[in-house]
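Trainee: If you scroll down you'll find the structure; I have some questions about it.
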């Protein structure tokens, strides 16, 4: 074992087995932080560190093929027992999505992350995958009339950033402005334009599917972002859910929904410019919202359980 390989082994052991930070590893080995990052990346390239994904028949099942043929996406299915609870199903799908995301992000890339129940679960399952130059960018605002959203959204973003040894760029605006003219004014501010500019440079995006109905309530509809009257109006207008707080109908339309003039997330048209777009869902009750998202073209990859896949295909 040559000296560099020995140092690489020590760095990988400290990071992956003992959970030490890159700063502490750099200090113990007498290296710079960037040198440690390069050693860890080399350890993965050379096979010293292996992160495996248990795919089974997830991309080759009949449901995955049907979704791919109908919507032009890569479907990654997780087989979940019919007896599993909604929360257990979510955890299994989130674990699969976390592994896929770790494999999808590379050095010096911009990763867009939405917030929500599904993303919170995914963030908890992300493996340590340190990369140099990665930036995590919040894709939609998190404040509402009751809270700034910072504790909930901030912790989630930081978990993702820690996994990739990345920096976070928050998006310090509400999920929905009270007035469309306020949003237009804020979008002219240089601090907001900076974040919007980063969003236009995203290489990878990961997000869940919000739904007006669901086995596990979507955070945007259960935590005060929209009141009961607003939710009733949306349902009457055919809204079934959202992607990044941009509201959708089951047919994929969204541009004429008045509330979207106040929403702060990326629209499906803006999402379509991102090369890799990973959508994660683990709830058959959200099949209408997922159909709307797929018809709007928001995803290149869909990570879901087999029961949700069947529910989507039945409606489609």
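Trainee: Stretch residue 24-residue 273 to full length: gain in nm at 0.36 nm per residue minus the Cα-Cα span?
Mentor: On the way: separation 249, 0.36 × 249 = 89.64 nm, distance 3.82 nm.
Between residue 24 and residue 273, full extension yields an extra 85.8 nm.
Trainee: Put a dot 7 Å past each Cα toward the Cβ at residue 168 and residue 79; how far apart are the dots in nm?
Mentor: Those two pseudo-labels are separated by 3.7 nm.
Trainee: Starting from the Cα gyration tensor of region 250-311, take the square roots of the eigenvalues, sort them a ≥ b ≥ c, and report rounded, prolate or oblate (rounded when a/c is under 1.5, otherwise prolate if a/b is larger than b/c, else oblate).
Mentor: Values: a/c = 2.36, a/b = 1.45, b/c = 1.63.
Oblate.
Trainee: Between residue 44 and residue 237, what FRET efficiency follows from the Cβ-Cβ distance if R0 is 51 Å, with the result rounded to 0.05? Mind showing how you got there, number by number?
Mentor: Details: r = 48 Å, r/R0 = 0.94.
Efficiency computed from Cβ-Cβ geometry: 0.60.
Trainee: Bin width 5 Å, origin at 0, all Cα-Cα pairs of region 183-316: what percent of pairs per bin?
Mentor: 2, 10, 20, 23, 20, 15, 7, 2, 1, 0
Trainee: Also, quick follow-up: Using only the alpha carbon atoms of region 1-50, find the Kirkwood hydrodynamic radius as the inverse mean reciprocal pair distance, in angstroms to one decimal. Could you put the intermediate results ahead of the total?
Mentor: Working: mean 1/r = 0.0954 Å⁻¹.
Every distinct Cα pair counted, the radius reaches 10.5 Å.
Trainee: Right, another one. Can you bin the chain into rounded, prolate or oblate? Criterion: square roots of the alpha carbon gyration tensor eigenvalues sorted a ≥ b ≥ c, rounded for a/c under 1.5, prolate for a/b above b/c, oblate for the rest. Intermediate values should be presented prior to the final figure.
Mentor: Numbers: a/c = 2.17, a/b = 1.40, b/c = 1.55.
Here the chain falls in the oblate category.
Trainee: Using only C-alpha atoms and all pairs of different ones, pull out the Kirkwood radius for region 143-221 in Å with one decimal.
Mentor: 14.7 Å
Trainee: So what's the convex hull volume per residue for the Cα atoms of region 188-241, in Å³?
Mentor: Per residue, the Cα convex hull of region 188-241 comes to 138 Å³.
Trainee: Right, something else. At a threshold of 8 angstrom on Cα-Cα distance, excluding pairs fewer than six apart, so keeping six or more, what relative contact order does the chain reach in percent?
Mentor: 19 percent
Trainee: What is the order of 312, 278, fewest Cβ neighbours within 10 Å to most?
Mentor: The most exposed by this proxy come first: 278, 312.
No value in this document is a laboratory result; all are computed from the given coordinates. Computed from a prediction, not measured in an experiment: that's the story for all the values here. Cβ atoms come from the backbone with ideal geometry, glycine included; neighbour counts cover every protein chain shown.
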